[in-house]
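Laboratory data are not the source of any read-out in this text; all were calculated from the coordinates shown. These numbers come from a predicted model, not from an experiment. Note that we place each Cβ from the backbone using ideal geometry, even for glycine, and neighbour counts take in every protein chain shown.
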Amino acid sequence: MDPEEDPEKKDPGGTWWRWCGGVAKLANTPRAWGLLMGAVLAAFAIAALWGHYSGTTVHGNLTMINGGAKETIDCNDGNLRLEGDNNTYTVTGHCRRLDVSGSANRVTVDSADIISVFGDDNAMIYHSGSPTINKTGNNNTVSQRQSTR
C-alpha cells in the first residue's frame, strides 16, 4: 500500500471521525442523547457565566483605558486609574487611590483614601470613609451615598 494512502501514516492515532463515532455510540438512545446534549449545554453555560462574572482585580496598580465600558473591578487595597469617556464602573473593596479622568464617567466605589477626578461631567459615588477629594474640570461631582448591598 502506498504510504500516502495509508490512513495510519497520515493520522497514527486514528482518525478523529473514529473518536466522534465512539462518542456518538454513547448517545444511541433518545434518553442518552438528551443527557449528552444537556451536559454539553451546561458546560457552555458555566463557561459563559464564569467569563461574565470573573471581573478585574487590582494587584498593586492598575490603569484601565476604555470608552463606553461597563465593568466591575475589585480594588483590593490598590491604586486604580480609570481613563476614558462614557464608562460605568462599580469598584468593590477599598482603594488606596482612585483616579478618574475623561468625561461622562459614572463610578461607584466602596471606599478610598484619595479620590481624584479630572475632566468634565464625571459622577463619583463612594459608600464609606472620608476620602481626600481632588476635582479638576467642569461639572464633576463626588458624593457619599450608603451602600444598598
Quick one: length gained pulling Thr90 to Asp120 fully straight, 0.36 nm per residue minus the C-alpha distance?
8.9 nm
Built amide H within the under 5 Å cut-off of Val91, gap 5+:
Ile73, Thr108, Val109, Asp110
In nm, to one decimal, how far is the modelled label at Lys70 from the one at Met37, with both set 7 Å along Cα→Cβ?
3.2
Cβ neighbours within 10 Å, averaged per peptide: list 55-67, 78-90, 121-133 in order, most packed at the top.
78-90, 121-133, 55-67
Under the 7 Å Cα-to-Cβ spin-label approximation, Asn138 and Asn61 lie apart by a distance in nanometres of 3.2
Kirkwood Rh in Å, taken over all unlike Cα pairs in the range 53-101
10.6
At q = 0.16 Å⁻¹, what log₁₀ I(q)/I(0) does a Debye calculation on the Cα points of the range 56-144 give, no solvent, two decimals?
-0.50
